[in-house]
1. Could you give the C-alpha radius of gyration of region 72-144 expressed as a fraction of 2.2 N^0.38 Å, taking N as the number of residues it contains?
2. Sort R85, R154, R68 from largest to smallest accessible area, using a 1.4 Å probe on the heavy atoms of the protein chains.
3. In percent, what relative contact order does the chain have, based on Cα pairs under 8 Å that are 6 or more apart in sequence?
4. Please state the charge dipole magnitude for region 135-188, taken about the Cα centre, from unit charges on C-beta atoms (+1 on K and R, -1 on D and E), reported in debye and rounded to the nearest 20.
5. Distance from the Cα centre of region 137-197 to that of region 1-75, in angstrom?
6. If you plug each phi of region 88-94 into the Karplus form 6.51 cos²θ - 1.76 cosθ + 1.60 with θ = phi - 60°, what whole-Hz ³J(HN,Hα) values come out, in order, with x for Gly and Pro?
7. Taking Rh as the Kirkwood radius, which is the inverse of the mean 1/r over Cα pairs, what is the Rg/Rh value for the chain?
8. Cα-Cα pairs above 23 Å in region 1-106: how many percent?
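The values are calculated or read from the model by the stated rules, or taken from the named source; none is laboratory data. Remember, it's a predicted structure, so these values are computed and weren't measured experimentally. Every residue, glycine among them, receives a Cβ derived from its backbone with ideal geometry; neighbour counts consider all protein chains shown. These accessible areas exclude ligands, DNA and RNA; they are computed on the full protein's heavy atoms, side chains included. Shrake-Rupley method; radii C 1.70, N 1.55, O 1.52, S 1.80 Å.
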Amino acid sequence: MFTGIIEEIGSIERITHGAKSCQLKIKADKIFDDLKLGDSVSVNGVCLTACDIREPYFTADVMAETMRRTGIGKLVNGSRVNLERAMLLGGRFGGHIVSGHIDGTGTIINMVREDNAVIITISAPDEITDYIVHKGSVALDGISLTIADVKQDRFTVSIIPHTASETTLLDKKTGDMINIECDVIGKYVKKFTDNKKGGLTMERLIENGF
């Protein structure tokens, strides 16, 4: 599990492509303090396993399903990526619960500066926006952000200067793909209510003591 608070920006040193998969060699700095073989690392929001560590590099295998569901396949040698190690129990939890399991991708359709912030609008399919809630949480390329506005086929987030300087978000431009992970709590609630006969109604809430 992750928090969506990016620890550092790494860079892709080499991509080795298979038929439908790939292996990433990633250059980093800060995350080697306690990184061990088999540890999970969020790379642009995608939970990957460190399968080889030779500081200042680590490698991670990316399977075909991950290639299909994320924007990993768009990376090239030299691409900058957001990195976060799995969270430690007992520390401050500054973001939100992030699993590193990407729900899908969206497309940046607008980026507008507003004083010290940058407003980013992202288009996404229904299976993503169904879980997007005004003032709720979302992880974009692994970054924990708050939803500023949501429409049927798009939503917006507001980026403060610190987030802009510590992540790759402003490397993006209109038309670029971005990895999206919706709030896991919302996904479980929707799954539970969808499976209940008749869905969630006022009568059902009263019947269960609400």
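1. Ratio of Cα Rg to 2.2 N^0.38 Å: 1.29.
2. R68, R154, R85
3. 23
4. Charge dipole, region 135-188, about its Cα centre: 180 debye, nearest 20.
5. 20
6. Here the 3J(HN,Hα) series is 9, 6, x, x, 5, 10, x Hz.
7. Radius of gyration relative to Kirkwood radius: 1.00.
8. Here the tail beyond 23 Å accounts for 21 percent of pairs.
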